[in-house]
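The values are calculated or read from the model by the stated rules, or taken from the named source; none is laboratory data. These figures come from a predicted structure and were not determined experimentally. Because the Cβ atoms are built from the backbone with ideal geometry, glycine has one as well, and the counts that use them run over all protein chains shown. In case anyone asks, the SASA skips ligands and DNA or RNA and just uses the protein heavy atoms, side chains included. Shrake-Rupley method; radii C 1.70, N 1.55, O 1.52, S 1.80 Å.
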Amino acid sequence: MLNKNILKNKFNGEILFDEKMSNHTSYGVGGKVNAYIRPKDKTELIDIIKLVHKNKCKVYYLGSGSNLLVNDKDIDCYVISPTKAIKSLIIKDNIIQADAGVMLGKLVKESIKNRLTGLESLAGVPGTLGGALKMNAGAWGSEISNYLTSVDIIDSNGTFKTIKQNNLEFQYRSSSFSASEFIISARFKLEKSTEKNIKQKKKIASEGRIRTQPLKFRSAGSVFKNPSSKLAAGFLIDKSGLKGTVCGNAQISTHHANFFINHGNAKAKDISHLIKLTRRSIFERFGILLDLEIKTIGFEDKELFPYD
């Protein structure tokens, strides 16, 4: 564990010691971590990354916490968020350069303002650019990697690298970025279009999201990946009769079966119980073991696996 005084004296950003992760996740659940760190700027960010890796500390990089489930217990780790340190967004002609701390909503809004098409389907998707790239976020048939040209990262040694899109691998809700690589910024090449066409595409995506998702409740988005492009996880959960299932103050949404919602006082253990129950039910009925789409912190495999 890092000495608290070293962190206090060396860095000027926000450092919250023994911080509850329930304050930083869209689920509103999660136990204490050693420290939740928001570096002041890019230099501090690099220095903190070097420090935690040099001391062999467990570290997680976190954007807005919108696609994350954190265990209720105290966790021996450090969480670093770039949302304050790196949030530059520059658009020139049809090229966008954006830092990883930029919120997706702002990225979409600014691209539309400049009459650039390609990112409209992400309208309303929560989270930061960095997280979206790591999980290859997408909606309505489009993925953020479709328009990516290159990415700047920092590795565990604090070395800065630029990676071209063709040297990265993107699949459905996954990428080849390693856990030790911190995304600093990315560049996208979009196409010009008419304001009418762009707004129509955004409207379709926004209305679809409102129609199909339980947006009034705390959630982390889709819990499971779809098994294939032709088979949705929500469909399987619904067919298994699990829609509406409750554990504590958590529930499998009656609006969209692949959304697990917090009615206000749910614990991570309630949500993890629903995850295990769902995976077991789907496997026993359909022979399919669902993969998680949400990311997790502080869980052992057996806590989320259907059979232990």
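Numbers at a glance
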item: Filtered residue count, the range 251-285, keeping only those that are under 15 Å from Phe224 (Cβ atoms), in contact with a helix residue (DSSP H, G or I) (Cβ under 9 Å, 6 or more places away or on another chain) and open to solvent by 80 Å² or more (accessible area, probe 1.4 Å); result: 1
item: Odd one out for Asp47 among (1) closer than 24 Å to Ile154 by Cβ; (2) free of Cβ contacts under 8 Å to residues at least 40 places away in the same chain; (3) acidic (Asp, Glu); result: (2)
item: Wholly enclosed strands (runs of 3 or more DSSP E) of the range 85-200 bearing at least 1 residues in contact (Cβ under 8 Å) with a residue 60 or more places away in the chain, over 15 Å from Ser64 (Cβ atoms) and in contact with an Asp or Glu (Cβ under 6 Å, 6 or more places away or on another chain); result: 182-189
item: Subset of the range 199-223 (residues that are touching a Leu at 6+ places or on another chain (Cβ under 8 Å) and crowded, with 18+ Cβ neighbours inside 10 Å); result: Ala205, Ala220, Val223
item: Residue list for the range 74-84, filter: part of a strand (DSSP E or B) and of a type in the set (Val, Ile, Thr); result: Ile75, Val79, Ile80
item: Any hit, the range 199-206, residues being under 30 Å from Arg285 (Cα atoms), touching a helix residue (DSSP H, G or I) at 6+ places or on another chain (Cβ under 9 Å) and basic (Lys, Arg); result: no
item: Where Lys295 falls short, out of the listed (1) closer than 14 Å to Ala233 by Cβ; (2) touching a strand residue (DSSP E or B) at 6+ places or on another chain (Cβ under 7 Å); result: (1)
